[in-house]
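Undergrad: Sharing a structure with you now.
The values are calculated or read from the model by the stated rules, or taken from the named source; none is laboratory data. If you're wondering where the values come from, they're calculated on a predicted model, not measured in any experiment. When we count neighbours, we look across all protein chains shown, and the Cβ atoms used for this are built from the backbone with ideal geometry, even at glycine. Remember, those area values only see protein heavy atoms, side chains included, never the ligands or the DNA or RNA. Shrake-Rupley method; radii C 1.70, N 1.55, O 1.52, S 1.80 Å.
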Amino acid sequence: MNSLLLNLLLLSLFSHFSCFLVLVPVEAEVFLSIDCGSSSLKPYTDDNSIVWVGDDPYIRSGETHKVMIDAPDVEAWDSRVMSSLRAFPTRKKNCYSIDIDKKAQDSTTVERVLVRASFYYGNYDNKLNPPTFNLQFNGNSWSQIITDQDDIIYTEMIYSLNNGNNINICLAQTEPDNIPFISALEVRSVDRSSYHYVDSTYPLFFFERIAFGANTTIRYPEDTYDRIWGPVDTNSRVRSNSLYRNVNIDDAKTLEGLSSELTQLIEVKKSNTSSPPVYMSPKNFDNPPKVLRETHLSSFGNMAHTGVSDPKVPVHYNAFFAEVHRLNATQKRSFYILVNNKLHTSIRPKGAVIPPHRGDIDEVHIFNVTSSATNSSYSIDFVPTNDSTLPPLINALEGYTIGDKLVQGTNSDDVNSLSLLQKSFVQLRDWNGDPCLPSPYTWDWVACNADADSPRITAL
């Protein structure tokens, strides 16, 4: 159907109807925490000083359920938040819609946000069948969610609002009898200078975040962005929606076989480096919380961080280093970073790491960490230089993968025309999210062409 004709038809027929949906605006500095499925009419504050609101203003579909909490030792989430959920037994996808009220003077400024979705099944339906489903945002694919009987599962992303000021988070059913649900949805503004080594047209998907030396979970208010930093060893029944990682100390490992490579480390030429969709950033732009500068993990020998990931998807790390105590004149801490026991050319800045003191913290970017295709494992090694008198240390490590380029979304003229139609028919008013994307999760009552970036509506 021609977009212009559709516009004229709908304008002439339905422009006199009143608007059916009021998107709740959020201030430019966004800190929104939605307790999904909550029946509370008033906001409430949890033990982390986070204010939670109910989800009724942001979605019109789905069913609310109460959950019996059986995870009493969870620090990062309030038990009240996890005691309710919203499930979606109908439709291919159901979407939350959040309107960001951008008040910046410079209209070209890009707002970057962190979005976190959390899921606690808790056998709310008495079926003992934790579902698997897909998560989407603004017409883009986000993640496959594999829930658990007892654990809280969460996933995060950071992306830029390049096209408008509306955030749509959608849950899509992918398997019969696997009903999507969600327990909490959080949106946080992130400083524009943070994570700017990734082009604003690409999203960052959370892989892991570790606070070495910490014995409890760190999040807001210690971290102003409310990122969740987990301790190395934890019995908490909370898991990020990613693969297994581990940290180990290997005192027996020697430098034999690596010394010649280490000697050449600083001489590796830029022309030999790979070209990830990132660029070098100055130190400290990612604003780690102050508490990370006060605790670290060290060893008597070498130190390694190992894990498992998809061999086809590189992981990009931000590593943070700081001395907790002042070193005397006879002490020196200096070490190299190796990936899979080899020199890694995509590390910025290059050379040995010498952690600073006096409250400073160094940030090192480790790009394109890939796993072996045979066992899907990788390792990041911290190896002392020959003149170092002290072993390596690390304060924190943050890993992300970079997603596909953000889509433009369904043609804006067609979307506006559909909005006019929705205002006029109560049966259509609770449809949110992108009408056509991602394919094949179109709205049930529209047909779209095959454009994967900015499709057009072809039929109703």
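Undergrad: If you check Asn411 against the conditions, is it in contact with a Ser or Thr (Cβ under 8 Å, 6 or more places away or on another chain) and either open to solvent by less than 20 Å² (accessible area, probe 1.4 Å) or farther than 30 Å from His365 by Cβ (or both)? Give the derivation first.
TA: Numbers: in contact with a Ser or Thr (Cβ under 8 Å, 6 or more places away or on another chain): yes; either open to solvent by less than 20 Å² (accessible area, probe 1.4 Å) or farther than 30 Å from His365 by Cβ (or both): yes.
When the stated conditions are applied, Asn411 passes them.
Undergrad: May I pose another question? Can you tell me how many residues within region 136-189 are more than 13 Å from Arg116 (Cα to Cα) and either assigned to a loop (DSSP other than H, G, I, E, B) or among the aliphatic types (A, V, I, L, M) (or both)? Before the answer, list the steps.
TA: Keep residues of region 136-189 that are more than 13 Å from Arg116 (Cα to Cα), which gives 138-141, 144, 146-151, 160-166, 171-181.
Then drop every residue that is not either assigned to a loop (DSSP other than H, G, I, E, B) or among the aliphatic types (A, V, I, L, M) (or both), which leaves 138-139, 146-151, 161-165, 171-172, 174-180.
The total comes to 22.
Undergrad: Could you look through region 81-132, keep only residues that are of a type in the set (S, T, N, Q), open to solvent by 10 Å² or more (accessible area, probe 1.4 Å) and farther than 18 Å from Ser189 by Cα, and pick out the one that is modelled with the highest pLDDT?
TA: Step one: of region 81-132, the residues of a type in the set (S, T, N, Q) are 83-84, 90, 94, 97, 105, 107-109, 118, 123, 126, 129, 132.
Then keep just the ones that are open to solvent by 10 Å² or more (accessible area, probe 1.4 Å); that gives 83, 90, 105, 107-109, 123, 126, 129, 132.
Subset that is farther than 18 Å from Ser189 by Cα: 83, 90, 123, 126, 129, 132.
Details: Ser83: 91, Thr90: 92, Asn123: 92, Asn126: 93, Asn129: 93, Thr132: 97.
Here the residue is Thr132.
Undergrad: May I ask you to list pairs of residues, at least six apart or on different chains, whose Cβ atoms are under 7 Å apart, with the first in region 184-202 being closer than 26 Å to Pro43 by Cα and the second being modelled with pLDDT under 85 and open to solvent by 40 Å² or more (accessible area, probe 1.4 Å)?
TA: Ser189/Glu29; Asp191/Asn287
Undergrad: A follow-up question, please. I'd like to verify a number: residues in region 398-427 that are more than 30 Å from Asp223 (Cα to Cα) and either touching a residue at least 12 places away in the same chain (Cβ under 8 Å) or among the aliphatic types (A, V, I, L, M) (or both), how many? Give the steps one after another, and end with the answer.
TA: In the first step, residues of region 398-427 are kept if they are more than 30 Å from Asp223 (Cα to Cα); the result is 407-427.
Filter once more, keeping what is either touching a residue at least 12 places away in the same chain (Cβ under 8 Å) or among the aliphatic types (A, V, I, L, M) (or both): 407-411, 413-418, 420-424, 426.
Matching residues across region 398-427 total 17.
Undergrad: Checking the condition at pLDDT 90 or above and touching an Asp or Glu at 6+ places or on another chain (Cβ under 6 Å), which residue from Phe300, Phe335, Phe321 passes? Before the answer, list the steps.
TA: Numbers: Phe300 fails: at pLDDT 90 or above; Phe335 fails: touching an Asp or Glu at 6+ places or on another chain (Cβ under 6 Å).
The match here is Phe321.
Undergrad: Go through (1) hydrophobic (A, V, I, L, M, F, W, C); (2) out of contact with any Asp or Glu (no Cβ under 9 Å at 6 or more places or on another chain); (3) part of a loop (DSSP other than H, G, I, E, B) for Ile366 and report which single condition fails.
TA: (3)
Undergrad: Looking only at region 434-447, how many residues end up being over 16 Å from Asn138 (Cβ atoms) and either open to solvent by 40 Å² or more (accessible area, probe 1.4 Å) or part of a strand (DSSP E or B) (or both)? Walk me through it before giving the result.
TA: First, the residues of region 434-447 that are over 16 Å from Asn138 (Cβ atoms): 440, 444-447.
Keeping just the survivors that are either open to solvent by 40 Å² or more (accessible area, probe 1.4 Å) or part of a strand (DSSP E or B) (or both) gives 440, 444-445, 447.
Total meeting the criteria: 4.
Undergrad: Also, I was wondering about something else. Name the residue that is modelled with the lowest pLDDT, counting only residues in region 137-173 that are exposed (fewer than 15 other Cβ atoms within 10 Å of the Cβ), of a type outside the set (A, V, I, L, M) and closer than 26 Å to Trp77 by Cβ.
TA: Among residues in region 137-173 that are exposed (fewer than 15 other Cβ atoms within 10 Å of the Cβ), of a type outside the set (A, V, I, L, M) and closer than 26 Å to Trp77 by Cβ, the one modelled with the lowest pLDDT is Asp150.
Undergrad: Taking Ser372 as meeting all but one of (1) open to solvent by less than 20 Å² (accessible area, probe 1.4 Å); (2) within 26 Å of the chain's Cα centre (by Cα), write down the number of the exception.
TA: That leaves (1) as the condition not met.
Undergrad: If you scan region 197-224, which residues turn out to be in a loop (DSSP other than H, G, I, E, B), under 17 Å from Trp142 (Cα atoms) and open to solvent by less than 10 Å² (accessible area, probe 1.4 Å)?
TA: Taking region 197-224 first, the residues in a loop (DSSP other than H, G, I, E, B) are 197, 199-203, 212-217, 219-224.
The next check asks that each one be under 17 Å from Trp142 (Cα atoms); those that pass are 200-203.
Across region 197-224, the qualifying residue is only Pro203.
Undergrad: In this structure, does Glu222 turn out to be touching a Ser or Thr at 6+ places or on another chain (Cβ under 9 Å), touching a residue at least 24 places away in the same chain (Cβ under 8 Å) and acidic (Asp, Glu)? Step through it out loud before you land on a result.
TA: On the way: touching a Ser or Thr at 6+ places or on another chain (Cβ under 9 Å): no; touching a residue at least 24 places away in the same chain (Cβ under 8 Å): yes; acidic (Asp, Glu): yes.
When the stated conditions are applied, Glu222 does not pass them.
Undergrad: Contact list please: Cβ distance under 9 Å, first residue in region 46-57 and under 15 Å from Asp223 (Cα atoms), second residue of a type in the set (Gly, Ala, Ser), pairs at least six apart or on different chains.
TA: Qualifying pairs under 9 Å: Asn48/Ala76; Ile50/Ser33.
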